[in-house]
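Let me begin by presenting the structure, written as structure tokens, before commenting on it.
The values are calculated or read from the model by the stated rules, or taken from the named source; none is laboratory data. As the structure is a prediction and not an experimental result, all values here were calculated from the model. Positions of Cβ are backbone-derived with ideal geometry, glycine not excepted, and every protein chain shown enters the neighbour counts.
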Amino acid sequence: MGRYGASISIDGEDEEMMDDKATFDSDVLFASAAVMPLLFHDLPVGDPARKAAIDAYDACTRCLKSPSLLIEVGRAYEYGKKGAEKLQGLLNQLFSKTKKEEKHLSADDGKCLGVVVDEMILLAFRPSKIKTNKDAERLMNIRDALVATSETELGSLNGFNFIRSDGAKAIAQRIKKTPVADGAYEANPAESVPKLVAAVAKKYDLSDNGAIAYLQMLAMHDCSSKNLKLWNDWSTGDYNKAMKELEEAKLLLKAKRSRAGRNHFLPGGWEEMKAPDLPIETWKVPLFQLRRNDNGKVKGPLNAILPLDPCHLLFEKAWQRVLDGDQPSYEEV
């Protein structure tokens, strides 16, 4: 079997996994999921690549509706007789009914399917049949069981879950229709949520630039000094003045941190990240749906940290947390 070339016999009928010449497979699904939030966030409104990202998203959603499409969840290997028995036990655990044939054990419940051949288990799903949150939860449970066996990251489900999420739909809609002017950035709240800038300025008695910078520090994962100057069309003097204002208001603290790309931070915990991600404040972890592994490190569902909601919604979510009493601060001990 190739990585995505597999023929699974269920009840005597062959179903073809995506072969090496297919135009849509697990890799394409994952890449399609990652490219839209990346280009939405990194490029200015009106950039042709943002429209291309929408075309890719729309094509992806059409492919996922095909009743004949199978997407591989992943595969794992256990060697020796006991290993094969372990994999068969896993398949029996995941499916209520399995079918034993001469050389393999298989299962298919219409939504998910799997096969154990010799010392390998392969699991797949039919995207067109995943309709409810319960279906998606079962898929994640299957993925987690496989990860526990293979000790590898399996990204196709994360890509699938994002493509079908409200966040992806909101990003696609925002690219198609936005109040932000061509050439400006969604990451500039003065363009994307001007009323929110006014509310922040009023609450903390800040200038407009101070309120803009504070919202970006709250809600953007890559708020380096370089990016703030780019998004806001600021000079170095504009940036320094805004940072000084927020420092004096005790909303930010000044420090030196490796690879941060800035010298001002929200108070609280700090997450070191591997390149290409910039390290971020712990307060932002839930905003970007990051998960913490057994080693205590956080990682995004699409590997890199990406905005899984459009910027204007991230600004609103971050500000609502502040209004609800969850303002960035150091934990009391």
message = Taking the condition of being touching a residue at least 40 places away in the same chain (Cβ under 8 Å) and either of a type in the set (Asp, Glu) or out of contact with any strand residue (DSSP E or B) (no Cβ under 6 Å at 6 or more places or on another chain) (or both), how many residues in segment 91-126 meet it?
response = 6
Search result, residues across segment 169-221 that are in a helix (DSSP H, G or I), farther than 28 Å from Pro279 by Cβ, in contact (Cβ under 8 Å) with a residue 60 or more places away in the chain and more than 26 Å from the chain's Cα centre (by Cα) = Ala199
message = For the condition at positive phi and of a type in the set (D, E, K, R), what is the one hit in Asp205, Asp238?
response = Asp205
remark   = Taking segment 181-198 and keeping residues of a type in the set (Gly, Ala, Ser) and exposed (fewer than 15 other Cβ atoms within 10 Å of the Cβ) leaves Ala181, Gly183, Ala198
query = Has segment 252-275 got at least one residue that is in a loop (DSSP other than H, G, I, E, B) and closer than 18 Å to Asp208 by Cα?
reply = yes
Segment 73-83, residues that are in a strand (DSSP E or B) and surrounded by fewer than 19 Cβ atoms within 10 Å (Cβ to Cβ) = Tyr77
ask   = Restricting the search to segment 284-329, which residues are more than 14 Å from the chain's Cα centre (by Cα) and of a type in the set (Val, Ile, Thr)?
value = Val322
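Each row is one residue, and each column tells you yes or no for (1) aliphatic (A, V, I, L, M); (2) part of a strand (DSSP E or B); (3) assigned by TED's automatic domain parsing to the domain that holds Leu228.
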| position | (1), (2), (3) |
| --- | --- |
| Ala49 | yes, no, no |
| Ala56 | yes, no, no |
| Cys63 | no, no, no |
| Glu85 | no, no, no |
| Gly89 | no, no, no |
| Lys97 | no, no, no |
| Leu105 | yes, yes, no |
| Leu113 | yes, yes, no |
remark   = For Gln88, the lone unmet condition from (1) crowded, with 19+ Cβ neighbours inside 10 Å; (2) over 27 Å from the mean Cα position of the chain (by Cα) is (1)
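Each row is one residue, and each column tells you yes or no for (1) surrounded by 15 or more Cβ atoms within 10 Å (Cβ to Cβ); (2) of a type in the set (Asp, Glu); (3) farther than 22 Å from Leu290 by Cβ.
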{"residue": "Lys203", "(1), (2), (3)": "no, no, yes"}
{"residue": "Leu206", "(1), (2), (3)": "yes, no, yes"}
{"residue": "Asn232", "(1), (2), (3)": "yes, no, yes"}
{"residue": "Gly237", "(1), (2), (3)": "no, no, yes"}
{"residue": "Ser258", "(1), (2), (3)": "no, no, no"}
